[in-house]
Every structure is written in C-alpha cells, then in structure tokens.
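The structure appears below as structure tokens.
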Amino acid sequence: MEGEMLRVIASVGVMAGVTYLIRMLPMAIFRKRIDNVYVKSFLAYVPYAVLAAMTFPEIFGSTASAASAVVGTAAAVLLAYFGRGLLTVALGASAAVFLVQILGF
Amino acid sequence: MKRRLNREFRQGLRDGLPICLGYLSVSFAYGMKAVLAGLPVWIVTVISLSNLTSAGQFAGTNLILSGGSYLEIGLTTLIINLRYLLMSLSMSQKVEEKMTFRQRLAVSYGVTDEIFAVSMQRPRELSAWYMAGLILTPVIGWTSGTFLGGVATSLLPDTLSSALGIALYGMFIAVIVPPAKKSKPVLFTVLLAVFFSVLFHYVPFFEVLSGGWGIIVITIVVSGIAAFLFPIQDEKKEEA
C-alpha cells in the first residue's frame with residue numbers, strides 16, 4: 001500500500017512538472033519584445049484561433065442534450081455580440097441551458 | 001506606487017471571479033469522480049492545486065488509476081497541455097517588459113485556457129500584480145471545488161451541473177466574439193479555426209487530429225495564414 005501511494009505521488013509529480021515546464025519555458029525564454037511583424041501578427045491571432053478551435057464543436061456536447069447546448073451557444077453568441085461581460089455571457093448561457101432542460105428538451 | 005499595485009491586484013481578483021465560478025462546478029465533478037474511483041481526497045486536491053488544468057489532469061488521473069507508466073503519464077500530459085506553450089509564448093509578449101525573471105516563473109504557473117483568455121482581453125500590458133490576482137481567484141475555485149467534490153456525499157443536481165457545463169465555453173465566446181465583430185482578420189481567424197476544428201472532429205480521416213494535437217495544428221496553421229494575409233503593422237511605425 002505504501003509503495004502504491006508513492007507511485008501515485010510520483011505520478012502526480014510527473015504531471016505537474018511536465019505541465020509547469022510547458023507553461024514556463026516560453027515565458028522564461030522570450031523576455032524581450034519580438035520585432036518581426038510576421039511573428040507578432042501570428043501571436044496576436046493565436047488567442048482567437050486556439051479559443052475558437054477549443055469551443056467548437058465541443059460546446060455542443062457540453063450539456064445533457066444537444067438542443068439545450070445549441071440554445072445555450074446561441075445565447076452566449078448573442079450576449080457577446082452585444083458586448084456583455086464574461087460573467088454575464090457565461091451565466092446567460094447556463095441560464096438558457098437550464099431553462100431548456102426544465103422545458104424538457 | 002503602492003496604491004497602483006494594490007489596484008492592479010484587486011482588478012485581477014475581480015477579473016478572475018467569473019473563472020473561479022466556472023471552475024467550481026467543473027472541479028467539483030472532477031473531485032467527486034476521482035474520489036469515487038478510489039483516490040484519497042488530499043491527493044486529488046493536490047493534483048488540482050499543482051496541475052491547474054482540466055483535460056490534462058483528468059487524463060492523468062485516469063492513467064494513475066489504471067496503473068499507467070510514468071512515461072505514459074508524462075507523454076499524455078505533454079500532448080494534451082502542449083497548447084499552453086503557444087499561450088505562454090503569446091502572453092510573454094504582453095506582460096510588462098520590466099517584469100522580473102522570478103515574477104515570470106510565478107506567472108507561468110497560472111497559464112490556463114481561461115486565465116489566458118481573460119488576460120488577452122485586457123487592453124493594456126500585464127503587470128505581475130494584476131496576474132497574481134487573476135490567477136489567485138481561479139486557483140481557489142479550482143482547488144476548493146475539487147476538495148468539496150471529493151468530500152461531498154450527494155451529487156450536484158444533474159440539471160444544474162449540466163447547465164454549468166457550458167459556462168466556461170460561454171466565456172471563450174465572450175472573448176472571441178466582440179473583436180471578431182470589429183475586425184475582419186479576427187473574424188477570418190475564428191471562422192477558419194472553427195471550420196478546421198469541426199472537420200477534424202467529424203471526418204474519420206482526421207481522427208488522429210482530434211483532441212490535443214488538433215488544437216495545436218489548427219492554432220499554428222490558422223494563425224500563420226492570418227498573419228500572412230493580414231500582417232499587423234506597428235502602430236508607431238504607421239504614424240511615422
């Protein structure tokens with residue numbers, strides 16, 4: 001049992017260590033502003049590409065039913081389009097999903 | 001000077017609050033599942049505090065439970081979390097240039113999808129104190145949610161946890177939609193990324209590219225194309 005616990009703790013150490021290195025290396029290495037227009041533009045577009053790719057199509061499977069997810073997504077896009085803040089958009093989407101579920105879809 | 005730091009810190013705490021709320025429900029479910037599967041509550045809580053990731057630590061926890069080797073655990077974590085490399089690189093160009101090396105090492109710990117998303121939305125350079133606040137609230141949410149899930153005997157009502165499942169995606173939408181409305185190149189980037197993501201997800205031929213690798217390939221290819229088509233000229237140079 002003690003050996004088993006040690007294996008678990010070491011495994012957690014491996015996970016945490018790998019994850020931290022991935023996050024730390026770019027921040028530690030690129031301490032100066034990059035001057036190249038192409039690289040700068042690339043990095044400026046990264047947030048939108050990565051967040052869009054992570055959101056779609058996964059968002060449609062993030063709730064108990066496809067119908068509630070579609071309505072929740074529509075609510076989020078609309079609220080965001082009209083410039084609402086993060087919290088409003090997140091809770092608005094959740095509220096829409098909740099309502100659709102109560103209606104039985 | 002002191003007052004400015006204080007204000008930055010508090011602004012960070014405030015901006016981290018929506019993330020904290022979203023994390024609570026997700027980590028609650030994680031804590032519950034991991035403890036039911038047989039891990040002690042304290043280990044599961046330590047996993048959340050030390051990893052601060054969603055998919056990466058879920059996969060790692062499964063491997064621990066099924067007796068995966070260290071190499072397997074390390075490689076899986078690497079692949080799923082490799083996107084942080086790109087986020088951290090992007091963030092390295094937005095933190096204040098005067099940020100000390102130690103502060104950079106500390107801020108790196110908090111590069112998650114959501115913290116990255118919110119920090120990129122901030123219209124100015126990122127100070128160490130702002131980042132400290134922005135990281136602290138989500139860490140508290142993620143860790144305490146895990147702990148509470150682990151000790152909870154009853155489940156969150158299904159409808160509620162299902163409704164909260166969409167909250168974090170909602171935040172991402174709140175980050176990408178307003179700039180896409182204002183800027184054609186950003187709209188192009190978003191639509192192209194969604195197109196590839198849907199393609200990789202549903203077309204069997206691209207199955208290898210679903211999950212961790214797909215996100216990385218899409219981000220590099222789409223940002224590369226957008227940068228090539230719509231290079232952003234330096235504002236100062238444009239004025240000159």
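Brief remarks on what is shown
- Test: residue in the stretch A:11-31 that is closer than 30 Å to B:Val44 by Cβ, among the small types (Gly, Ala, Ser), at the interface with chain B (Cβ under 7 Å from one of its Cβ atoms) and not in a helix (DSSP H, G or I): no
- When the stretch B:90-106 is limited to residues that are part of a loop (DSSP other than H, G, I, E, B) and within 7 Å of chain A (Cβ to nearest Cβ), the one that is surrounded by the most Cβ atoms within 10 Å (Cβ to Cβ) turns out to be B:Gln93.
- Selected residue (criterion: nearest to the chain's Cα centre (by Cα)) from residues of the stretch B:214-228 that are closer than 13 Å to A:Tyr38 by Cβ and of a type in the set (Gly, Ala, Ser): B:Ser223
- Residues being within 21 Å of B:Ser183 (Cα to Cα) and of a type in the set (S, T, N, Q) - total across the stretch A:1-58: 2
- From A:Val39, A:Val8, A:Val71, A:Val12, residue being open to solvent by 30 Å² or more (accessible area, probe 1.4 Å) and farther than 21 Å from B:Ile218 by Cα: A:Val71
- Just one of the listed residues (A:Ala90, A:Ala64) is of a type in the set (A, V, I, L, M) and either under 17 Å from B:Leu21 (Cα atoms) or touching a strand residue (DSSP E or B) at 6+ places or on another chain (Cβ under 7 Å) (or both), and it is A:Ala90.
- Of the criteria (1) among the hydroxyl-bearing types (Ser, Thr, Tyr); (2) open to solvent by less than 40 Å² (accessible area, probe 1.4 Å); (3) within 11 Å of chain A (Cβ to nearest Cβ), which one B:Tyr109 fails: (2)
- For B:Met87, the criteria (1) without any contact (Cβ under 8 Å) to a residue 40 or more places away in the chain; (2) over 18 Å from A:Leu21 (Cβ atoms); (3) within 9 Å of chain A (Cβ to nearest Cβ); (4) open to solvent by less than 20 Å² (accessible area, probe 1.4 Å) hold in every case but one, which is (2).
The values are calculated or read from the model by the stated rules, or taken from the named source; none is laboratory data. What you are looking at is a predicted structure, and each value in this text was computed from that prediction instead of being measured. Ideal geometry is used to build each Cβ from the backbone, glycine not excepted, and the neighbour counts take in all protein chains shown. With ligands, DNA and RNA removed, areas are computed over all heavy atoms of the protein, side chains included. Shrake-Rupley method; radii C 1.70, N 1.55, O 1.52, S 1.80 Å.
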